[in-house]
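Trainee: Quick one: the structure is below, and I'll ask about it shortly.
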Amino acid sequence: MAPTSAKTASSSPDLAVGGSRDGRRGGKSAEAFWTISEVARELELPQHVLRFWETKFPHIRPLKRGGGRRYYRPEELALLRRIRDLLYNDGYTIKGVQKLLRQNGAKAVAGQGEVAGVEKEDRGLNGSQRAELQAVLEELEAIRGLLNDSTG
């Protein structure tokens, strides 16, 4: 008898959870559903952040199966990846991303690199604010170094 995989596909043909390991990113086929742990690992985010985002972004509605297990569609994974980039890399606030989704829709947001049509205050800190905060941070680190030298 052949050994069985620890992960098997669901009885539902459209819920292919197992995915193939043939070199595709994350080892999943393009149509495969993703569990919350797989999405968290792929996006390098804690699972609780994904659950929190579900409450803030109505476009993220994973399929829930027995026991409340979440299965994310490929489109939701793309949207989550874009939301992560907007929040963590591009300086958007949650309200800014919500506004962007309302204005442009989930498909448009998930598929675009640079975002147009959003006012500057929705993007978080501007360049001069970031530079000013960086200077304050460097000054505080220098003060911490002086304090450590004087107490040590």
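Derivation of every value follows stated rules applied to the coordinates shown; laboratory data play no part. Here the structure is a predicted model, which is why all the values come from computation and not from measurement. Using ideal geometry, Cβ is built from the backbone for each residue, glycine included, and neighbour counts are taken over all protein chains shown.
Trainee: Kindly state, to the nearest 0.05, the FRET efficiency for Gln134 paired with Ala30, given R0 = 41 Å and r defined as their beta-carbon distance.
Mentor: Efficiency at R0 = 41 Å is approximately 0.55.
Trainee: Still on this structure: Quick query: amide H of Thr35 versus all other amide H atoms, modeled in the peptide plane; which residues come in under 5 Å with a sequence gap of 5 or more or a different chain?
Mentor: Excluding prolines and chain starts, which carry no amide H, the hits are Tyr72.
Trainee: How many times 2.2 N^0.38 Å is the alpha carbon radius of gyration of the stretch 28-70? Let's see the in-between values first.
Mentor: Numbers: Rg = 10.6 Å, N = 43, 2.2 N^0.38 = 9.2 Å.
Normalised by 2.2 N^0.38 Å, the Cα Rg of the stretch 28-70 equals 1.15.
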